[in-house]
1. In segment 7-46, how many are within 14 Å of Asn70 (Cα to Cα) and either within 13 Å of the chain's Cα centre (by Cα) or aliphatic (A, V, I, L, M) (or both)?
2. Got at least one residue in segment 97-110 being of a type in the set (A, V, I, L, M) and surrounded by fewer than 15 Cβ atoms within 10 Å (Cβ to Cβ)?
3. Could you go through segment 59-68 and let me know if any residue there is in a strand (DSSP E or B), at pLDDT 85 or above and either over 17 Å from Asp119 (Cα atoms) or in contact with a Cys (Cβ under 7 Å, 6 or more places away or on another chain) (or both).
4. I need a count of the residues in segment 49-58 that are more than 12 Å from Gln120 (Cα to Cα) and either modelled with pLDDT of 90 or more or part of a strand (DSSP E or B) (or both).
5. Scan segment 20-34 and give yes if some residue there is more than 18 Å from Val77 (Cβ to Cβ), assigned to a helix (DSSP H, G or I), of a type outside the set (Val, Ile, Thr) and in contact with a Ser or Thr (Cβ under 8 Å, 6 or more places away or on another chain), otherwise no.
6. Quick one: how many residues across segment 108-136 are hydrophobic (A, V, I, L, M, F, W, C) and without any contact (Cβ under 8 Å) to a residue 40 or more places away in the chain?
Amino acid sequence: MRDFFKLRRRKYGLVTLVMACVLMVGWIRSHFRFEFIDIPVGNSAIGVTSMHGGLDFSRVTSLENKPVSNSIEVKSVELFINPKEPSNRTPWGPDFVFDWRWDWAGFHIGAGQYSSRRDQDCMIPYWALVMPLSLLSAWFLLSTGYTQKKVAWKPNSE
């Protein structure tokens, strides 16, 4: 068993497998919980949110030249909305006024405004992270690679 982990690609395989498993747990949780962290930076806040089967990266800027928040905010709340409703599949609420927007296959990118703040969002579905990591992990763990030495064929001298 010790020989199995001597190769670097096996270690990479385990790391990518663990990352895929952690993201898979986040994927499942995102259908039942809304979890986020917001970090204030000047008059704006940078946030990461897990919701509706995706990871949302956002930047919220105050239009009134005052800080959006004064401290780091972390929350995890249970979703009480119907996740199957189409309007609940995007990071934007019904009061959002769009400057521009692009939606496709769970990817959501856009910018716009709420009442007194500007919001820029990029949402990546978990499947777009879990699937490639799983395939990469399988390749690292199952491939034989080029580590074997090639031996030249020598005819018998009999």
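1. Initial filter on segment 7-46 (within 14 Å of Asn70 (Cα to Cα)): 37-46.
After this cut, where a residue has to be either within 13 Å of the chain's Cα centre (by Cα) or aliphatic (A, V, I, L, M) (or both) as well, the list is 37, 39, 41, 45-46.
Of the residues in segment 7-46, 5 are within 14 Å of Asn70 (Cα to Cα) and either within 13 Å of the chain's Cα centre (by Cα) or aliphatic (A, V, I, L, M) (or both).
2. Yes, there is a match, as at least one residue in segment 97-110 is of a type in the set (A, V, I, L, M) and surrounded by fewer than 15 Cβ atoms within 10 Å (Cβ to Cβ).
3. no
4. 5
5. yes
6. Narrowing segment 108-136 to residues hydrophobic (A, V, I, L, M, F, W, C): 109, 111, 122-124, 127-131, 133, 135-136.
Filter once more, so that each one left must be without any contact (Cβ under 8 Å) to a residue 40 or more places away in the chain: 109, 111, 128, 131, 135.
Final tally of qualifying residues: 5.
The values are calculated or read from the model by the stated rules, or taken from the named source; none is laboratory data. None of these values were measured; they are calculated from a predicted model. Methodologically, a virtual Cβ is constructed for each residue, glycine included, from the backbone with ideal geometry; neighbour enumeration extends over all protein chains shown.
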